[in-house]
């Protein structure tokens, strides 16, 4: 899935930059095929073992042939069925943009869940690797959030430590941009103060403070002077 397709599918701005797209490591798919293959070998192995001495198990040749054909079709069906969870896992993706972290998860073939987390809500990023992960360079990532908000998790990620580093850097850059008041959003570069709406304040009228402590509004004074000047001109005429 390219960036153009992701912009159409995900709730992000058209001009929002996608920094990184994270998918599962190939081991996540290979483990499914491997599991189906091992189960198939076990079934065929037991069937072949029974065929070596059918009489001891009380099975005649026609019955054994039926069992063998059934088990062959069963193994074939299991191999085909393994493509379904592989396809489901390939649809799952973690997308890092300059402002947010988005996750597409598929609990099953017909269901899909899209979650969005603003980068300012990231508290910590944790990477866990098991023995196989250290060999094949993959790990499980957990993005911790403050408060009672649900944590994000994405398992069997290639180069998990590099992905975690990219998420942390994006979080720090976005926080620095907010703090400085200059952020890049889907609307382009703009001045923004986090948590407040920007509006222009009306200019205060100029004033003069006298020696006795009183304050005179020079704008009203100038208006009064204009009125007096106009009246004096009319009197002269």
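Let's test the formula: R0 of 25 Å, r as the Cβ-Cβ distance of residue 175 and residue 149. What FRET efficiency results, to the nearest 0.05?
Working from the Cβ atoms, E equals 0.90.
Report the full-extension gain for the segment residue 72 to residue 114: residue separation times 0.36 nm, less the Cα-Cα distance, to one decimal in nm.
11.2 nm
Run the numbers for residue 46 and residue 31: contour at 0.36 nm per residue of separation, minus the present Cα-Cα distance, in nm.
3.1 nm
Order the peptides 86-94, 46-54 from the highest to the lowest mean number of other Cβ atoms within 10 Å of their residues.
86-94, 46-54
To the nearest Å, what is the center-to-center distance of segment 1-62 and segment 75-101, using C-alpha atoms only?
Using only Cα atoms to place each centre, the spacing works out to 10 Å.
In nm, what is the difference between 0.36 nm times the number of residues separating residue 38 and residue 123 and their Cα-Cα distance?
26.5 nm
Once the Cβ-Cβ distance between residue 162 and residue 57 is put in as r, and R0 is 45 Å, what FRET efficiency do you end up with, to the nearest 0.05?
Once the sixth-power term is evaluated, E becomes 0.25.
Need one number for segment 6-127: average projected area of the convex hull over its C-alpha atoms, nm².
For segment 6-127, the mean projected area of the Cα convex hull comes to 10.9 nm².
Computed from the coordinates by the stated procedures, all read-outs in this text should not be read as laboratory data. Every value quoted in this text rests on a predicted model; they were computed, and no experiment measured them. Virtual Cβ from ideal backbone geometry, glycine too; neighbours counted across all protein chains shown.
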